[in-house]
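Novice: The structure that follows is given in the form of structure tokens.
No value in this document is a laboratory result; all are computed from the given coordinates. Remember, it's a predicted structure, so these values are computed and weren't measured experimentally. FYI the Cβ positions are ideal-geometry reconstructions off the backbone, even for glycines, and counts take in every protein chain you see.
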Amino acid sequence: MIDVSAMAATDPGPFLLRRDTRELARGVEALAGELPARDLPDVLAKANRTAVRKGSTTAFAGMSPRPVDWYRLQAGDDDTTDWYPQGIASSSEAGRADVQALAFTWYWKPSAGERGIRITFLGTGTAKYRHVLLVEPKGASYAAINVHAGGLAWHGDLLYVPDTSRGLRVFDLRHIYEVDGDEDRIGVRAGKHHAFGYRYVMPQVDAWRGTGQARFSFAGVDRSTTPHTLVCGEFADPAQQPGAIGRIARWAFAADGTLAAGADGLAPAADAFTLPAPRIQGGLSHRNRWYLSLGAGSTRNGSLLVTDGQAPVKVRKYPVGPEDLSCWQERGQLWSLTEFKGRRAVFAVPL
């Protein structure tokens with residue numbers, strides 16, 4: 001039996017964010033002057049991998065009923081121990097009518113030979129997908145980003161990736177660049193642009209730094225609010241933080257897809273709540289209801305917690321190793337993904 005409690009309003013102050021663009025814009029401008037830009041439809045058209053829609057997978061274990069839709073990743077992605085999928089977002093969440101796609105992040109797990117984080121774009125109609133390396137501009141070059149990338153929020157052209165202890169890193173779909181380097185290098189060397197063999201890079205364009213003690217573990221977008229809101233919360237592990245259960249907060253978006261901030265560059269959270277249990281891996285609000293994914297290790301089914309903020313909290317059976325969440329509003333679906341080797345699926349359940 002899972003021990004859950006009602007959510008409670010809490011002080012949003014620790015979630016205050018400060019815009020921190022620094023020299024990122026200049027670095028992106030330098031890349032734009034040297035590399036051909038490619039838009040998302042072009043990247044999807046040149047996808048080089050194929051998922052199996054409703055393919056056989058052990059990710060769901062004893063889950064009943066099974067998800068209403070899912071994709072099993074191809075061999076090499078399903079069974080790698082180098083890369084682990086984490087965050088997920090959808091073109092519906094973004095408000096994009098020009099593509100029907102899912103996006104999900106991965107982090108590089110080996111302690112040596114850091115290769116950073118990547119994002120995968122999957123066309124839901126074709127089941128074709130492609131990895132794009134996320135990079136941080138460094139002067140006239142760029143570098144891999146060593147973070148967990150535990151969540152992903154997509155609003156318009158902007159993608160928000162949590163950086164656990166720092167805040168949020170921002171990427172822009174108008175800045176995807178094609179490179180031609182080899183598999184063993186990263187950055188600009190001897191006039192050539194390398195990205196560990198990836199065909200495309202997406203440089204970080206902006207950042208929002210946390211000013212308090214909040215952590216940024218997972219993210220999503222609530223398009224049912226006015227204005228739309230960014231949702232971001234904390235993963236809390238009782239083994240490392242006895243008694244901690246984590247919090248979740250929301251920020252208003254501005255019309256251009258950035259966070260609503262004052263002239264001082266500060267974006268206060270609109271509200272914040274305590275979570276109903278520790279070890280929450282993903283969280284999202286939609287039409288005054290909260291959806292929260294709860295992990296239970298690499299062999300046991302996780303849970304989906306659904307609540308209006310009050311008790312009782314409904315507990316639904318979920319796959320093994322569930323992570324971040326995204327709402328596909330038009331389909332009435334909640335999408336997520338699983339992280340463990342050989343049990344990786346990108347899947348949907350009804351809202």
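Novice: Can you tell me the relative contact order of region 8-350? Whole percent, Cα pairs under 8 Å, sequence separation 6 or more.
Specialist: Answer for region 8-350 is 22 percent.
Novice: How large is the direction-averaged shadow of the alpha-carbon convex hull of the chain, in nm²?
Specialist: Its Cα hull, projected and averaged over all orientations, spans 16.6 nm².
Novice: While we're looking at this one, here's another question. When a/c reaches 1.5 or more, the comparison of a/b and b/c decides; with that in mind, is region 1-81 rounded, prolate or oblate per its Cα gyration tensor?
Specialist: oblate
Novice: Classify region 254-316: rounded, prolate or oblate, from the alpha-carbon gyration tensor (a ≥ b ≥ c, eigenvalue square roots; a/c under 1.5 rounded; otherwise prolate if a/b is larger than b/c)?
Specialist: Note, shape of region 254-316 comes out prolate.
Novice: Let me ask something else. Just subtract the alpha-carbon distance of LYS46 and ALA9 from 0.36 nm times their residue separation and send over the number in nm, one decimal.
Specialist: Additional length available on full extension: 8.7 nm.
Novice: A further question follows. Near the amide H of LYS54, under 5 Å away, which other amide H atoms are found, from residues 5 or more places off or on another chain, if H is placed in the peptide plane?
Specialist: TRP70, TYR71, ARG72
Novice: Which of the peptides 62-71, 169-178 is most tightly packed, and how do the rest follow, going by the mean number of other Cβ atoms within 10 Å of each residue?
Specialist: With the highest mean Cβ count within 10 Å placed first, the list reads 169-178, 62-71.
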